[in-house]
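Below is one structure, written out as structure tokens, with a few remarks after it.
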Amino acid sequence: MHKQLKYKFELKFCLKFLVIIFLIVLIITPSSALDKDLEKSLPPLESHPLPTPLNQWQDQPYSGDYFEQIQASVGGYLLWSEFPIKIYFDRPDNPDDIAATTRRFNQWVNAVKKSINEWNTYLSMIEVSQPELADIIIERKDPPIEPKIDPETGQLQIPRARTAQTRYEFYIKNNKLLHKMIIKISPRLSEIATLSAVRHELGHGLGIWGHSLDENDVLYFSQVSASIPISSRDINTLKKIYEQPTRLGWPLPINN
Ligand SMILES: [Zn+2]
């Protein structure tokens, strides 16, 4: 009798242990199973032909790059495969208006156009009149302030207001996996600060999703007051990104 009880207890204990193991396995597996499912439903990684200006770009002697700082998204490296890249940016309703607010808006537009022209040497872009048609959208807006919870203290942190931000979205069109870049540039910046902000954010928008550790590069992680022109290292990095395989711009698998 006593022995039987002990046996029952042990069995119960064993079952409990098995249930716990089973639960742990269940918690661990879904994420990797999900990743595999996701990978199967996305286009396979493939390279696109290198855009001509980047193909012709030669940096002798090689001044280096910061490709190791660049992150790929779930869709692969965030590069464009159809040119010219369609770009939309905000413009005042009546640019000839002499009001100070319009003058400031026009300065913002000039800085945006100048920066587009600079990058246009390496990747061709064309202005479109509607944001719905664009691959890259540049809005004259302050980026949202996104409060975060400090993981150590559990307290809400309100970050300092940012003046520029770039984010991306994926969508599917004609069965292809595509992306869209949305850039926000504050209306509060001076013309020269707007120029360096757009130059930096447009670098992200064109695929440089990461930051240089060298302050002489446009994609240096911290905004510097001086206006830094696009460096050879920026272009070397851009070229390496465009040589990578990506899922973007390729059709989804048929048995989806
Ligand atoms: Zn940045």
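With the cut-off at under 16 Å, measuring from each backbone N in region 228-248 to a point 7 Å along the Cα-to-Cβ line of residue 216 picks out 228-237.
Net charge within 15 Å of residue 250 by Cβ-Cβ distance, Lys/Arg positive one each and Asp/Glu negative one each, not counting residue 250 itself?
On the way: positive: 40, 173, 176, 247; negative: 39, 46, 82.
That sum, taken over residues with Cβ under 15 Å, equals +1.
For region 190-256, applying the loop criterion from DSSP together with a ceiling of 14 other beta carbons within 10 Å to the chymotrypsin sites (Phe, Trp or Tyr not before Pro) yields 221. Taking packing as the residue-averaged number of other Cβ atoms within 10 angstrom, the listed peptides 74-82, 164-172 run from highest to lowest as 74-82, 164-172. Other residues with beta-carbon under 14 Å from the beta-carbon of residue 232 carry, at +1 per Lys or Arg and -1 per Asp or Glu, a net charge of -3.
Net charge in the neighbourhood of residue 118 (other residues with Cβ under 11 Å of its Cβ; Lys, Arg +1, Asp, Glu -1) is +2. Between region 128-163 and region 32-108, the C-alpha centres lie 18 angstrom from each other.
Listing 222, 186, 47, 115 from the residue with the fewest other Cβ atoms within 10 Å to the one with the most, what is the order?
Values: 222 6, 186 18, 47 13, 115 25.
Taking fewest neighbouring Cβ atoms as first place, the list is 222, 47, 186, 115.
One chain, two ends: residue 103 and residue 50. Fully extended at 0.36 nm per residue, the span grows by 15.1 nm beyond their Cα-Cα distance. Applying the Karplus relation 6.51 cos²θ - 1.76 cosθ + 1.60 with θ = phi - 60° to region 83-100 yields 3J(HN,Hα) values of 10, x, 6, 8, 10, 10, 9, 4, 9, x, 4, 10, x, 7, 4, 8, 4, 4 Hz, where x marks Gly and Pro.
Around the amide H of residue 177, modelled in the peptide plane, lie the amide H atoms of 249, 250, 252, all under 5 Å away and 5 or more residues distant in sequence or on another chain. On full extension, the segment bounded by residue 90 and residue 192 gains 34.9 nm, given 0.36 nm per residue less the C-alpha separation.
Each reported figure results from applying straightforward, stated rules to the coordinates on display, with no laboratory input. Since the structure is predicted, the reported quantities are computational estimates derived from the model, not experimental observations. Note that each Cβ is placed from the backbone with ideal geometry, even for glycine, and that neighbours are counted across all protein chains shown.
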